[in-house]
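Encoded as structure tokens, the structure appears first; notes follow it.
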Amino acid sequence: MTSFLSRVAVSAALVLTGVVAPAAVGQSAFAAPAADTAQGLVCTEEGYFADPSDPAKFSRCYTLGGGLQRADFTCPEGTVFDVDLPGVQCNFPWALNPDNPAYEAPLD
């Protein structure tokens, strides 16, 4: 089982090498926006939100011009969106919390 500290170290390395950008302070990856429509996610609050159909994709909802806007992102190949680590958005599947549906046990 991968320890939390080793997951943090791997994730920090992803940020330091520029593979992923850190999240803004106070952003929540846990809250859910209002709806998933034919046009995609509808933002009802600011934050980062997982794509329910693809663990490697996520959206950022932010305020611009008095309204909420959405920016979509895809994690680098071999990584998935990680809601458990504040400040880092993408992580390796084996480094996720085992309760995460995208978790994959490391190969021995």
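All Cα-Cα distances of region 64-107, cut into 5 Å bins from zero to the largest, leave 5, 22, 23, 19, 11, 8, 6, 4, 1, 0 percent in each bin in turn. Remark: spin-label model distance Gln69-Tyr103 equals 3.7 nm, labels positioned 7 Å along the Cα→Cβ axis.
In the complete set of protein chains, residue-level accessible area for Asp82 is approximately 0 Å², probe 1.4 angstrom.
The values are calculated or read from the model by the stated rules, or taken from the named source; none is laboratory data. Remember, it's a predicted structure, so these values are computed and weren't measured experimentally. Cβ sites come from the backbone with ideal geometry, for glycine too, and all protein chains shown count toward neighbours. We work out accessible area using only protein heavy atoms, side chains counted, and drop any ligands, DNA or RNA first. Shrake-Rupley method; radii C 1.70, N 1.55, O 1.52, S 1.80 Å.
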